[in-house]
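Data block below; observations after.
Rule-based calculations on the coordinates, nothing more; no lab input. Bear in mind the structure is a predicted one, so any value in this text is a computation, not a measurement. As a convention, Cβ positions derive from the backbone with ideal geometry for all residues, glycine included, and neighbour counts pool all protein chains shown.
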């Protein structure tokens, strides 16, 4: 049986994380072509960005590894809520979060999310906010099954 584990991301994991993110970006582009339009040089820009996040003390960056291969990652940023809100502590914001296959959300995604939330709780966060594309049904299902509720929606239209 292949060994599976969640561990803190390292700088050398960034290329594999960017590969997963690029696939997610292409998928999301089909949901809303203008908002999610992938820049031609997105990979080149995202790699140093992920490397900086991995090394930040305000970020929880985790990978799921199976048989020496990364099949999922989560990047959680710890932040204060805007001053007009008071959730009772810091927020764990998860924007960059991807798995290798849609079917992995129910296992790999769920495990990564739990590990990030536990680490955030240990660091004082009281809530987790996860970004999810509106048609990413496998991810949405995993979030709903995990007790997450919809808090906001964004609507997009071209300016003509």
Requested in this report: Give me the distance in nm between label points sitting 7 Å out from Cα along the Cα-to-Cβ direction at residue 11 and residue 159, one decimal.
Outcome: 4.0
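Under the 0.36 nm per residue contour assumption, what length would be gained going from the current alpha-carbon distance of residue 3 and residue 41 to full extension?
On the way: separation 38, 0.36 × 38 = 13.68 nm, distance 3.44 nm.
Result for the pair: 10.2 nm of gain on full extension.
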Report summary line: Computed, not fitted: 222 nm per-residue ellipticity of the chain from DSSP H runs ≥ 4 (each -39500 (n - 2.57)), nearest 500, equal to -11000 deg cm²/dmol
**Report entry** Whole-Å distance, taken between Cα centres, linking segment 89-153 and segment 1-54
**Finding:** 16
Requested in this report: Kindly provide log₁₀ I(q)/I(0) values, in the same order as q = 0.09 Å⁻¹, from the Debye equation applied to equal alpha-carbon scatterers of the chain.
Outcome: -0.30
Query raised in the report: Among 138, 15, 87, which one moves the most in a GNM of the chain with springs linking Cα atoms closer than 10 Å?
Result: 87
